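> The structure follows.
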Amino acid sequence: MIFRIAAPLLVLFVYGQAMATTFQIDPTQSEVRAYVPSWESQRSYNNWWEPGLTDPDTGLPIPEPELYDWTLTWPLTPFSIQGQFQLDEQKSPWVQDVSRLQLSNLNIISDVPDYADFSLDMATLLSYTPSSQHVQWSSGVCYDDNFYGGNWSCTGFQNGIVWEVEGGFDGETLDISGYFWGVMTPEPYDYNTFTELADTTPPDYLVNFDGVNGLYTFHVVAVQSVPEPKTFILMFAGFLLIMARLQYTKRV
């Protein structure tokens, strides 16, 4: 009798405790931004032409030449992102109101250019304060989320790019933004203005992407989807149900 009562209750308990928390990225609220080359033109005027000039050989008027100044700019351009990942909360055993959010099994799709080298790897571990629902992380050498408690001091020197992630988490929706600092807006050229005569098309110039490789920002809004139980939990639950059935059959 005890087994017949305990088995279903145990199944329900284990089933509820072992749900995989899957979050689905909302593509309508999420985006990735990367630097994309864009030629901008502006009509340029010279200082040698003036009305009334004529060709000394033909005597015909010389039309005003069309001159254009072309400048290569690098606007941050939005791209789509979609996919899913699993999220688990790990509470600090030493400090109250301090947790970490661990992202795993990332399945992310984006049409961002390859040279941006986009990924959500920087956001796979996040510091989380449940009372304020605040989420953050940093790759800075002096960053500490106080997960292990204790006093922390740092006099390290940061060299290179620093990634920052910040946002919020209410238990059902993760809303985070990632960006970098420590680098200037990319300017791969010493001279980036070109003049084209009587031509309204951009210059035929090989663009250098060295200044923008691996640079991007992102904003991701992910919502918890219907969780799915892990396979071994289902197998264990099935085993308990079979044993309960066998016990019942023997007693009938």
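> Given the conditions (1) surrounded by 12 or more Cβ atoms within 10 Å (Cβ to Cβ); (2) on the phi > 0 side of the Ramachandran plot; (3) modelled with pLDDT under 95, report the number of the one that residue 52 does not fulfil.
(1)
> I would also like to ask the following. Does the stretch 64-82 include one or more residues that are touching a residue at least 40 places away in the same chain (Cβ under 8 Å), assigned to a loop (DSSP other than H, G, I, E, B), surrounded by fewer than 16 Cβ atoms within 10 Å (Cβ to Cβ) and on the phi > 0 side of the Ramachandran plot?
No, there is no match, as no residue in the stretch 64-82 is touching a residue at least 40 places away in the same chain (Cβ under 8 Å), assigned to a loop (DSSP other than H, G, I, E, B), surrounded by fewer than 16 Cβ atoms within 10 Å (Cβ to Cβ) and on the phi > 0 side of the Ramachandran plot.
> Pairs under 6 Å by beta carbon, first residue assigned to a helix (DSSP H, G or I) in the stretch 112-125, partner at pLDDT below 90 and surrounded by fewer than 21 Cβ atoms within 10 Å (Cβ to Cβ), six or more apart or different chains?
115/209; 115/213; 122/163
> Could you look through the stretch 130-143, keep only residues that are assigned to a loop (DSSP other than H, G, I, E, B) and surrounded by 15 or more Cβ atoms within 10 Å (Cβ to Cβ), and pick out the one that is modelled with the lowest pLDDT?
140
> In the same structural domain as residue 119 (by TED's automatic domain parsing), over 30 Å from residue 73 (Cβ atoms) and modelled with pLDDT of 80 or more - does that describe any residue in the stretch 157-168?
Yes, some residue in the stretch 157-168 is in the same structural domain as residue 119 (by TED's automatic domain parsing), over 30 Å from residue 73 (Cβ atoms) and modelled with pLDDT of 80 or more.
The values are calculated or read from the model by the stated rules, or taken from the named source; none is laboratory data. Predicted model, so just to flag it, every value in this text is computed and none were measured. Positions of Cβ are generated from backbone atoms using ideal geometry, with glycine treated the same way; all protein chains shown enter the neighbour counts.
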